[in-house]
Amino acid sequence: MSETVEKIQSIESAGASAIGSVASLAELEDVRIHFLGRKAELNDILKSIATLPPEEKGPVGKAGNQARGKLEALLAARQEELETAALTQLLEQDRIDITLPGSPVAGGGALHPITRVRREIEDVFIGMGYKVAEGPEVEKVHYNFDALNHSPNHPAREWTDTFYFEDDVLLRTHTSPVQIRVMEEQPPPVFVIVPGKVYRRDSDATHTPMFHQIEGLAVDEGITLSDLRGTLLEFSRAIFGEDREVRLRPHFFPFTEPSVEIDVSCFKCSGKGHLKDGSRCNLCKGTGWIEILGAGMVDPNVFSYVRDSGYDPEKVQGFAFGMGVERIAFLKHGIPDLRLFYENDLRLLAQFEAGGY
Amino acid sequence: MRVPLNWLNEYCDSGLGVHELAERLAMTGTEVERIGRHGAAETDGFVVGKVLTREKHPDADKLSVCSVDVGADEPVTIVCGAPNVDAGQTVAVVQPGAVMPDGTKIKKAKLRGVESNGMILSERELEISEDHDGIIQLEQHFDVGGVAAGAPLAEVLAPGQDVLELEITPNRPDCLGVHGVAREVHAITGNPLAELELGPAPEGDETFDITVEDHTLCPRFTARIFRDVKVGPSPLWLKERLSAAGQRPINNVVDITNYVMLLTSQPMHAFDMDKIRGNKLVIRHAAHEEKITTLDDVERTLDGQMLVVCDAEGPTGIAGVMGGQISEVSSETTNVLLEIAAWNGPNIHRTSQKLALRSEASGRFEKGLSPILPLEVQEIASKLMVELTGATLVSSTIDVAGEISQPQPIELREARVEGLLGTRIPIARCAEILEHLDFKVEMSGENLLATPPHYRSNDVTREADLIEEVARIQGVDTFPATLPESPTAIGSFSPAQKLKRGLEDLLAANGYSESITWSFTSEAALNKLAPGGELPGVRLRIANPLSEDQSVMRPLVLGGLLEVAQHNFARGADAVRTFEVGTVYNGTISDPVEHTALALLLSGAPHAASWRDAAPGEGDFFALKGIIEAISANSGVEIGFEPLDGDDHPYLIPGRSATLVAGGQSVGYLGEIHPLVAKEHDISGATAAELNLDLVAAALPAPTTFESFTSFPPSREDIAVVVPQNVPAAEVIAAVESSGGKYLQNANVFDVFEGEQVGEGKKSLAIRLTYAAPDRTLTDKETEKARKSITQKLEEIGGALRG
């Protein structure tokens, strides 16, 4: 081995040792210049290869390039080490107060609880194959009463009970007129629900002159009262919990025959009528049941008003139901006073910001 | 309808406890509002007593000291204030420890030095009548021979009883009678139903001149004549029944009419026959503005559609609604003509409504009582008239009737029962239920023919009605729960419904809370939206509003949201961001026009303040415009902003407002609220917008189709354009876009500057231009060319490129 090669090897080991011992990026740069800079000894050796005797040229060149490559690799590695350490140190000193509030998103808005409940009910029926129908609020007596088989002296027709614009034009008192409008437009089968505002001439602690209903109508061949029960059982479980039961009580409505009222088993006391501490359940008043809606099989007289649209009462039959949205909202969310629904106090609305999944 | 349980049990004893009976009634269609109580809550301590001796109280003139056998080892001493108490009487005694109907607890007490061990009771104390003149002498009213002293009083006279308070649906006027309810109990339980007791044959064939002029409105008018009537108090049992049913006893004749009505549901009227002038009755239409003074001492003015019952000299009563004073039964009455009639329900209803006069009778007649019922009820009432007033029945039923239709048989198909209910009820069971309900039933092959009783013939006319009867008695709650088998039913929302939901969510996510305000408003509230004037437009006005505040249908939502802001600022809110989606009403009553509006109101900061943005500033036109732009982006419906047209929006500041345009037509407004309108609502200012969502929905674009986008990088360039101040930015952008060539992708204003550098009356708009080509990176030369063309175009509208 030539002297020159030995020299190179000693430079390389000195360089490696120097690189290993630097503590900062600045020192590392000094070491780089010292060992690999233009004026470095190794550079001089490589530049002078041409002057060497031919048999040394090969070994010296090879050793020189190897040494340079190794030192460059060591430098790069060391540089990365030092940079990482510097960054780590910087990040360790970077401390924010994580308890400060986050920058607000634009949010903070909420849907009205009536909308929330209405959507929840709509979604249940959409899942059962229903579409959503709508209709006018300023309505004809024909659709609101006559075609729904209300007798000429039915008390709801009174001007004391219903808002009128003139003798034949009123504010609808229920969403039921849309039953007729839908059947006029479309032959059976029909599966629709009808959400909307309705109006009655009543204003006290338990009545507001405007409120919200959801109507349901299912007409096809062979739809039975048992289907009504099953449908409303599914609905009650979806809205009030999967352990609910429903109870059908006979009732009277002009536009259904037979007519029933539907009770759902109380979800506060699980239908027992009393709470765990033995006290009477105030939600169901100790009965274990809560009335939620009126329903029944569509009266043949109602079909006779839309016979020309394909509703032959000997061939098709179906059920209808109607419920108050405020009542369901009261039952589900405990909003105790009807008036709160229409005050639109932001403090109430803010309580309904959460998604309520 | 109050049904005393004891009375009900007399006709059909369910054998059930009152709570179970109430439950069974409720589950078969007779709603029980509550289980009430008449008289004492508990009957313990109420016993039969025999007065052994009576002596005058040593220290009180009006008191007696009685020794009373109450079944104990020794007689007890009771001090009594009644003048009629005497030895030998059988009396009702309440003992110490018992609680009176009015809640008073009876204690041993010293009265003027003599200890009294209870009380001897009067009718008033037992809530039987108002009579408090003396104590009840039981032996005068009941056969007390076999009743031992100390026996529970309830064996003779109930000191307290349960009363079912029923809510009778309008289709069941027959259940406005105790016997009708008893028939329901009969059908539910199968226990026997006692028939109503009918009266004796008449002793004589007197008659009376009765004319009915309109049998459509008075299908039947019947009368019976009773002579030698002795008007006086009713017997105790009758008074007790009436008071338990909530009816005040008056005298035996009136009490009989009330009692029979409560039993059978049929109202009736007793005339003092001697006061009927001219010995005739005519039932006719009232003359226009004819006057009559009714029993309640009020003069009423009638119209030609109302019926009156007249004697020879004029009206004595309003048919089916209320009698008149002229022929009222009094204590001197000796001859009674008992009227039992059938009236046209809707006509009675109309009369009662027009006169604002509701009576027990009108409430029953308006539901449509059977025209056959009066014949039966005459028989029932006659028995009591003869037995309780000592009268002689001297006529058969004088019956003036039109053509009365008889109930017709209705077919009930077994298959149809299952087809409608979804559960099988054997035809034999259907027959049994209908027979219990007094239908005449005969089999006809697989099916049956059922004829409803006359008193149900309005309510039951079709097969579906028969099925309802069968279903409710069988128990609708026993039916299975199934789901319709309708494979074609697919649930979905319409695009308009999806849009509404999508926008509601968008607005809530952007900090707007949803309000629901009244559909009603008032002219006064609407005029608050028009400073110094009236809000233009025609309105739908309610003819019978609850109050003037709620007398007009809102033609726009704005007023409601301003009130929401007012309400919330008054309660300490620091900003109000709210929206409403609801109907607004325009057009005329003969042609009303409704549409769904989306309204927005921003008052205060556009978003919540924070430590990074302590003062977000007041929301303004542009804050809400951003929301409208978000609505446009979300819906895909391009919404343009054009200067406000006309003076339809007096509530906006004209220079800070816009008409919203979509699908080529105006769909709403956006603008800052007029300061005077804000002031009227006690708020400092607001920005509002309202969109006709129906029109926006009609402009919804077709579903998005994919367009390929270039992979070559765009080149961007910023220009500054100086234009006169009155040139809208939109016009500048339109000029740029029309002249920028096919590679100009978009042009956006990112800064607006006014000041000395740009000169008086001018503004500088900084615009970022983005160019791109689908197939290559554009060269500087190409963008340079576009820019030249833009410069030229801008000069045409008085603009110049700056810098």
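The values are calculated or read from the model by the stated rules, or taken from the named source; none is laboratory data. None of the values given here were measured: they were computed from a predicted structure. Positions of Cβ are backbone-derived with ideal geometry, glycine not excepted, and every protein chain shown enters the neighbour counts.
Okay, here's what the table says:
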| quantity | calculated |
| --- | --- |
| Single residue of A:G278, A:G271 found to be farther than 30 Å from A:E221 by Cα and in contact with a Ser or Thr (Cβ under 7 Å, 6 or more places away or on another chain) | A:G271 |
| Any hit, the stretch B:508-524, residues being among the polar types (S, T, N, Q), over 30 Å from the mean Cα position of the chain (by Cα), assigned by TED's automatic domain parsing to the domain that holds B:L676 and assigned to a helix (DSSP H, G or I) | no |
| Some residue of the stretch B:554-571 being assigned to a loop (DSSP other than H, G, I, E, B) and surrounded by fewer than 21 Cβ atoms within 10 Å (Cβ to Cβ) | yes |
| Scope the stretch B:265-283; condition touching a Gly at 6+ places or on another chain (Cβ under 6 Å) and on the phi > 0 side of the Ramachandran plot; matching residues | B:S265 |
| Qualifying residue in the stretch B:81-91 (condition: among the charged types (D, E, K, R) and more than 55 Å from the chain's Cα centre (by Cα)) | yes |
| Checklist (1) within 14 Å of chain B (Cβ to nearest Cβ); (2) under 20 Å from A:Q179 (Cβ atoms); (3) surrounded by 16 or more Cβ atoms within 10 Å (Cβ to Cβ) applied to A:S304, failing item | (3) |
| Test result for A:S103, part of a loop (DSSP other than H, G, I, E, B), within 14 Å of chain B (Cβ to nearest Cβ) and at pLDDT 85 or above | no |
| Qualifying positions in the stretch A:160-190 - within 11 Å of chain B (Cβ to nearest Cβ) and either closer than 29 Å to A:K315 by Cα or free of Cβ contacts under 8 Å to residues at least 12 places away in the same chain (or both) | A:Y164, A:E166, A:P188, A:P189, A:V190 |
| B:A524 facing another protein chain (nearest Cβ under 7 Å), over 30 Å from B:N344 (Cα atoms) and surrounded by fewer than 19 Cβ atoms within 10 Å (Cβ to Cβ) | no |
| All positions within the stretch B:764-784 that are more than 23 Å from B:L794 (Cβ to Cβ) and aliphatic (A, V, I, L, M) | B:A773 |
| Candidates B:A623, B:A658 - the one that is within 14 Å of another protein chain (Cβ to nearest Cβ) and surrounded by 14 or more Cβ atoms within 10 Å (Cβ to Cβ) | B:A623 |
| Failed item in (1) facing another protein chain (nearest Cβ under 8 Å); (2) more than 27 Å from the chain's Cα centre (by Cα); (3) aliphatic (A, V, I, L, M), with B:A615 passing the rest | (1) |
| Residue match in the stretch B:531-538 (condition: in contact with a helix residue (DSSP H, G or I) (Cβ under 7 Å, 6 or more places away or on another chain), in contact (Cβ under 8 Å) with a residue 60 or more places away in the chain, surrounded by fewer than 18 Cβ atoms within 10 Å (Cβ to Cβ) and within 28 Å of B:L652 (Cα to Cα)) | yes |
| Selected residue [more than 19 Å from A:F165 (Cβ to Cβ) and more than 10 Å from every other protein chain (Cβ to nearest Cβ)] from B:E580, B:E514, B:E534, B:E548 | B:E534 |
| Single unsatisfied condition, B:V723 versus (1) within 30 Å of B:T791 (Cβ to Cβ); (2) surrounded by 20 or more Cβ atoms within 10 Å (Cβ to Cβ); (3) without any contact (Cβ under 8 Å) to a residue 24 or more places away in the chain | (3) |
| Qualifying residue in the stretch B:457-465 (condition: surrounded by fewer than 18 Cβ atoms within 10 Å (Cβ to Cβ), within 13 Å of another protein chain (Cβ to nearest Cβ) and of a type in the set (S, T, Y)) | yes |
| Filtered residue count, the stretch A:128-156, keeping only those that are aromatic (F, W, Y) and touching a Ser or Thr at 6+ places or on another chain (Cβ under 8 Å) | 0 |
| Residue in the stretch B:488-495 that is assigned to a helix (DSSP H, G or I) and at the interface with chain A (Cβ under 7 Å from one of its Cβ atoms) present | no |
| In the stretch B:469-520, the residues that are under 20 Å from B:V417 (Cβ atoms) and in contact with a Phe, Trp or Tyr (Cβ under 9 Å, 6 or more places away or on another chain) | B:E469, B:A471, B:P484 |
| Count - residues of the stretch A:141-152 that are free of Cβ contacts under 8 Å to residues at least 40 places away in the same chain, farther than 11 Å from A:T173 by Cα and within 13 Å of another protein chain (Cβ to nearest Cβ) | 1 |
| 1 or more residues touching an Asp or Glu at 6+ places or on another chain (Cβ under 7 Å) and touching a residue at least 40 places away in the same chain (Cβ under 8 Å): qualifying strands (runs of 3 or more DSSP E) within the stretch B:151-257 | B:160-167, B:220-227 |
| Residue in the stretch B:728-748 that is among the β-branched types (V, I, T) and not in a helix (DSSP H, G or I) present | no |
| Qualifying position, being over 30 Å from B:W518 (Cα atoms), of a type in the set (A, V, I, L, M, F, W, C) and out of contact with any Ser or Thr (no Cβ under 7 Å at 6 or more places or on another chain), among A:V316, A:V325 | A:V316 |
| Some residue of the stretch A:284-304 being among the basic types (K, R), within 16 Å of A:H212 (Cα to Cα) and more than 22 Å from the chain's Cα centre (by Cα) | no |
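Yes/no matrix, rows are residues, columns are (1) buried (at least 18 other Cβ atoms within 10 Å of the Cβ); (2) under 30 Å from B:P555 (Cα atoms):
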position	(1), (2)
B:A678	yes, yes
B:H681	yes, yes
B:A688	yes, yes
B:L693	yes, yes
B:S708	no, no
B:I719	yes, no
B:G741	no, no
B:D751	no, no
